[in-house]
1. Answer with yes or no whether GLU95 is without any contact (Cβ under 8 Å) to a residue 60 or more places away in the chain and either farther than 23 Å from HIS128 by Cβ or part of a strand (DSSP E or B) (or both).
2. Go through the range 100-142 residue by residue and tally those that are of a type outside the set (Gly, Ala, Ser) and either surrounded by 17 or more Cβ atoms within 10 Å (Cβ to Cβ) or under 13 Å from the mean Cα position of the chain (by Cα) (or both).
3. Please go through the range 65-90 and give me each residue that is surrounded by fewer than 13 Cβ atoms within 10 Å (Cβ to Cβ) and either touching a residue at least 12 places away in the same chain (Cβ under 8 Å) or aromatic (Phe, Trp, Tyr) (or both), ordered by number.
4. Filter the range 98-124 down to residues that are of a type in the set (A, V, I, L, M, F, W, C) and outside any strand (DSSP E or B) and give me whichever is nearest to TYR31 (Cα to Cα).
Amino acid sequence: MKILFQTFLLALLLAASTFAQDDEKWPSLSYLKSDYRSSYAVAHVKVYEAEIVNRIPGYENWKINCEVVEPFKGKFQKGEKVEYFHGAEAGFRKELFLGEKIVFLLREFDEKEKKRIYVVLENSTLPHTADRVQKLRTIRRQTVKRGGQRAKI
């Protein structure tokens, strides 16, 4: 019985470590390519400020201020300060939005303010990991102009 219990415990630990490794490798390269194609700009950023600017029942719109750590797509420069908006279900804590993130941004026109703004591609903001940055560098390299043509990704 003791051996059976130890075997079960070992199997459980191995399964947990496998899931943890899979989570670090998620999302896949093809998933990131899809979000990359859909976005106007993609960057590794460090968010230093987040505040709710609008509420409707069950939903909040957050204004996020950040600094670009590494741009992958778009016209951002390293060190540039960027403001973008992030819609979320009501109840998220401010701390969830702070820190290092990988963001996929769309550019829209704000009719009220009469200016262009950045908004996140829905369900695409990710915590920064070395694996995700490496995958985005690979995607960026694949899209660099070669001989006047963009490589297909």
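1. So GLU95 does not fit the description; no.
2. Taking the range 100-142 first, the residues of a type outside the set (Gly, Ala, Ser) are 100-123, 125-129, 131-142.
With the extra rule that they be either surrounded by 17 or more Cβ atoms within 10 Å (Cβ to Cβ) or under 13 Å from the mean Cα position of the chain (by Cα) (or both), the set shrinks to 100-106, 118-123, 125-129, 131-133, 135-136, 139.
Total satisfying the criteria: 24.
3. Our first condition is that a residue be surrounded by fewer than 13 Cβ atoms within 10 Å (Cβ to Cβ); within the range 65-90, this holds for 75, 77-79, 81, 83, 89-90.
Within the range 65-90, LYS75, GLY79, LYS81, GLU83, GLU89, ALA90 meet the criteria.
4. First pass over the range 98-124, keeping only residues of a type in the set (A, V, I, L, M, F, W, C): 98, 102-106, 109, 117, 119-121.
Narrowing further to those that are outside any strand (DSSP E or B): 98, 121.
Numbers: LEU98: 24, LEU121: 13 Å.
Looking at residues that are of a type in the set (A, V, I, L, M, F, W, C) and outside any strand (DSSP E or B), I get LEU121.
Here, each number is a calculation from the coordinates, and none is a lab measurement. What you see is a predicted model, and the numbers here were worked out from it, not measured in a lab. Note that we place each Cβ from the backbone using ideal geometry, even for glycine, and neighbour counts take in every protein chain shown.
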